[in-house]
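Inspection log for the structure reproduced underneath, given as structure tokens.
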Amino acid sequence: PATIRLEIPHALDIKRETGAIAFRGGEELSLTVQESQELQRIDTEEFKRNVPDFKEALASAFRFLKPDFQLRVRAETIQPQVEAVVRQKVRLGAESAQAAVQVDYTIKRAGLFGLRVVLPADYRVESVSGTNISQWIERREGASRILEVALKERLSGTYQLSLALARNYKEPPRDMAIAAVHPLGAEKLSGFITVVTEPGFAVKTGSLAGLTEIPYASAGVPSGSEESSTHPQASALAYKFITAEPGATPAWSLSVAVESVEPWVRAEIMNIVTVAETLVSGRTQVKYEIVNAPIKEFRLRIPSAFKNIEITGAQVRRRDQTNDEWRVELQSKVRGEYILTATWEFPKSADTNLIAMEGVQALGVERETGFVSLIARPPLQVAEQSATELLSKVDVRELPGWAGKVDAATVLAYRYLRPGYQLNVQAKRFDEAEVLQALIDSARLTTVVADDGQVMTEVSLSVRNNGRQHLELNLPPGNTIWSAFVAGDPVRPSKRDGKFLLPLTREVASEAPIAIELTFIGNNPFPKHSGEFNLVSPTFDVPMKNAHWDIFLPPDYEYSRFAGSMSRTSDAAMPMVQVYSLSEYNEQQRAAKDQQTLEVQSGLKAARDSLSGGDLRVAVNSLNRAKAKGFVEDEKSRELKQVEADVRKAQSSNLISAQNSYYYENAGRLGDQTVQLWDGRGQQRIGGAFESTAYLDGDVAGLQWDKLEKAQQVTVAKVSPLRVNLPTRGVHYTFSQVLQTETGKPMTVRLLAENTKDPSWFRRIGLTLLGFGVLWLAMAVINSRPENRPA
């Protein structure tokens, strides 16, 4: 401080001098009037009215009537008035102590450019945070560690400074001193101290001075140090202190006693056993409930009969086996719920159907309960033989939800309240029931027999398939296949053991029958004059529901004595003689064209339906079948092109999605690279510097698909279809058969054929005698005339 005499200039050679004097100081100075003579204090606003241009604040103003006045002012620097509230939370763990400190400053009168805090001796500074911090350094002043925090600008008002401190040790000391963080330069200091422990430890007050113990809930905790699921706390203590005249060191001391707490563990076990014909496999899930203290090691007892044991779980570090006992060590301690999963196999003896099972047991737990579920899939039947009293049957709906969804093939379920159960079950195989894998829903045969005995037959089948890959057929001896079509697509039948195999591929699982068309030819001697004629159908390895056979026989014959496995459907009607001419051929061609148009329309409809349902593979197959039908009308051609464009658009979209999915799934292996994902209109950039270009738009992807499809078509063997229009000429007879359950048995038709243009011997003799009689009668008439009589 300094005392200054204030003087002003005076006017000379005047009789009287009056005026006013005012003074002001800087922001960091405090001014006090020490002496004033011949002066009268006035309001500072009155002084400013006389000096309109002066706008700054004044400390004091005086009026004088004589120039010989005396004014002395004491000037001194304004000291800041600082109050601080410290909130310090110390967390004691198994390997370290963490201290989160929050200092709330209230700065009055003058501002500060820096803060100073005394640090504990054994703790290291992890972080310092606050507003407008320029830098912070740690230095020693004697035996004290001082943290100096420099600010970017003058600080006034309220300010919050946060510190994070840590101290490591091998194990917590039994009597631990709690170090204090002490802010310097505060005129008033108060605060709260909280001490918490991690699960597994308990703490209680040892000795304290200058502190008052309070409930933990009433003590504020530093920001960001609240309890969370990842950092739970067990026990907690709280204290409060108030220091009226803070010094250079803390005015309080505290020590606490730390004790270890034993964990309490409960285990619930879910045993899922799957019984197969030669092997019993299982999955055991052990759910631990850990309270009081975390643990790092689990022990299981697994029966020695179990093989191929695998134990998995989160943070598993190692697994050790000693006889039947398995020890599982984790990377870090866990608390709360933890699940271990063990998978195993149990070889089943082929000599007996009896299976004796024991469960996996959790060792070192306070209580163990669990469930057992048995899964048996057809054709096995599992039944209980004997079970200990520890097991009680339950419904499958009572199985715990944490173990996952219950398998639909679960046949038995049990619950036990303590370990040591044993369960004996018997696994038997069900008798296999015959299942109809395929059925010929309808069969229509059309046969044309020529005069020389050549036979051409067209077979149309409607087959319902439930799992067969091939339809096996056997032609009559001497017959040859000309063409075969399955679902409208030409096929080349394969041959095995003298029998032909037609593929029954099915793209969709539906009840729609499969259409099969087959044309074959053969030679069956036909009687020239009179005799019996036999027709034999192909044999199939599946039952037949309904059969219809149209037979066209040579004209100029009389047919009778019909027999065989098939019955004639028009016995009462006269047989119709059909002539095959150009008009009939054109009619067949028109019918084939109508059928072709109908099949194209059906294929396009199936393609549109599959495309709208999202089944692109079936849509492509239906479109290809429609395109394979050949020439279509202009309207259907436009519709075909439209559906083809829609399919191509969907294929290109799938290619783009697959490309983007590939880049997305492999983004983790690309590091800091950039991947561009395309949707046909734009892109999305991820990462750093590398660019991998996908498809630019849907048209490019469509061209890509076209090239791929053409490359695939090059490798596919083409089968040229051979369709035959049967020359339906001759006498038409129709035969039918309702049901044929026996497989491999042909349908037969027998008849007697008599040539009407070839007379018999009796008829020839009669005609000869008749001709001789007519000739004799004519000669008798000629000889009886008068002009022919002799003179």
- Of T44, T32, T18, the only residue that is closer than 9 Å to V73 by Cβ and either touching a helix residue (DSSP H, G or I) at 6+ places or on another chain (Cβ under 8 Å) or polar (S, T, N, Q) (or both) is T32
- Message: For the condition modelled with pLDDT under 90 and open to solvent by 40 Å² or more (accessible area, probe 1.4 Å), what is the one hit in V508, V486?
- Response: V508
- Which listed residue, of L92, L151, L112, is among the hydrophobic types (A, V, I, L, M, F, W, C) and in contact with an Asp or Glu (Cβ under 8 Å, 6 or more places away or on another chain): L92
- In segment 518-554, what residues are within 60 Å of the chain's Cα centre (by Cα), small (G, A, S) and farther than 19 Å from G478 by Cβ? A547
- Of all residues making up segment 747-791, the number that are in a loop (DSSP other than H, G, I, E, B) and modelled with pLDDT of 80 or more: 1
- Query: Exactly one of (1) touching a Leu at 6+ places or on another chain (Cβ under 9 Å); (2) modelled with pLDDT of 90 or more is unmet by R266. Its number?
  - Reply: (1)
- Item | Scan of segment 460-483 for residues that are under 16 Å from P543 (Cα atoms) and surrounded by 15 or more Cβ atoms within 10 Å (Cβ to Cβ), ordered by number | S460, L461, S462, V463, R464, N465, R468, H470, L471, E472, L473, N474
- Query: Would segment 459-471 turn up any residue that is within 22 Å of I551 (Cβ to Cβ) and at pLDDT below 85?
  - Reply: no
- Task: Report yes if K287 is closer than 13 Å to T341 by Cβ, surrounded by 12 or more Cβ atoms within 10 Å (Cβ to Cβ) and of a type in the set (D, E, K, R), otherwise no.
- Result: yes
- Message: Can you pull out every residue in segment 545-560 that is outside any loop (DSSP other than H, G, I, E, B) and within 13 Å of S460 (Cβ to Cβ)?
- Response: A547, H548, W549, D550
- For residues that are modelled with pLDDT of 85 or more and part of a loop (DSSP other than H, G, I, E, B), tally how many sit in segment 344-393. 8
- Scan of segment 206-258 for residues that are part of a loop (DSSP other than H, G, I, E, B), at pLDDT 75 or above, open to solvent by 50 Å² or more (accessible area, probe 1.4 Å) and farther than 23 Å from S144 by Cβ, ordered by number: P215
- Query: Quick one: D452 ticks every box in (1) open to solvent by 70 Å² or more (accessible area, probe 1.4 Å); (2) under 40 Å from the mean Cα position of the chain (by Cα); (3) acidic (D, E) bar one, so which box is it?
  - Reply: (2)
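Here's the yes/no breakdown for (1) surrounded by fewer than 16 Cβ atoms within 10 Å (Cβ to Cβ); (2) basic (K, R); (3) modelled with pLDDT under 85; (4) closer than 25 Å to T756 by Cα:
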site	(1), (2), (3), (4)
R496	yes, yes, no, no
F500	no, no, no, no
L504	no, no, yes, no
L518	no, no, no, no
H529	yes, no, yes, yes
S537	no, no, no, no
N546	yes, no, no, no
L553	no, no, no, yes
S560	yes, no, no, yes
- Query: Which ones in segment 328-342 are open to solvent by less than 60 Å² (accessible area, probe 1.4 Å) and closer than 24 Å to G93 by Cα?
  - Reply: V328, E329, L330, S332, V334, G336, Y338
- Message: With the requirement that a residue be within 50 Å of the chain's Cα centre (by Cα) and either of a type outside the set (G, A, S) or modelled with pLDDT under 90 (or both), what does segment 151-176 give you?
- Response: Q160, L161, L163, L165, R167, N168, Y169, K170, E171, P172
- Item | Residue among E358, E325, E384, E345 that alone is open to solvent by 60 Å² or more (accessible area, probe 1.4 Å), closer than 24 Å to R429 by Cβ, more than 30 Å from the chain's Cα centre (by Cα) and touching a residue at least 24 places away in the same chain (Cβ under 8 Å) | E384
- Item | When residues of segment 163-178 are limited to those that are of a type outside the set (D, E), open to solvent by 30 Å² or more (accessible area, probe 1.4 Å) and assigned to a loop (DSSP other than H, G, I, E, B), the one nearest to I146 (Cα to Cα) | Y169
- Of the listed residues (L473, L436, L461, L445), the one being closer than 22 Å to A515 by Cβ and assigned to a loop (DSSP other than H, G, I, E, B) is L436
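The values are calculated or read from the model by the stated rules, or taken from the named source; none is laboratory data. Nothing here was measured: the structure is a model prediction, and the numbers come from that model. For neighbour counting, all protein chains shown are included, and Cβ atoms are generated from backbone atoms with ideal geometry for every residue, glycine included. Protein only, heavy atoms only, side chains kept; ligands, DNA and RNA dropped before computing areas. Shrake-Rupley method; radii C 1.70, N 1.55, O 1.52, S 1.80 Å.
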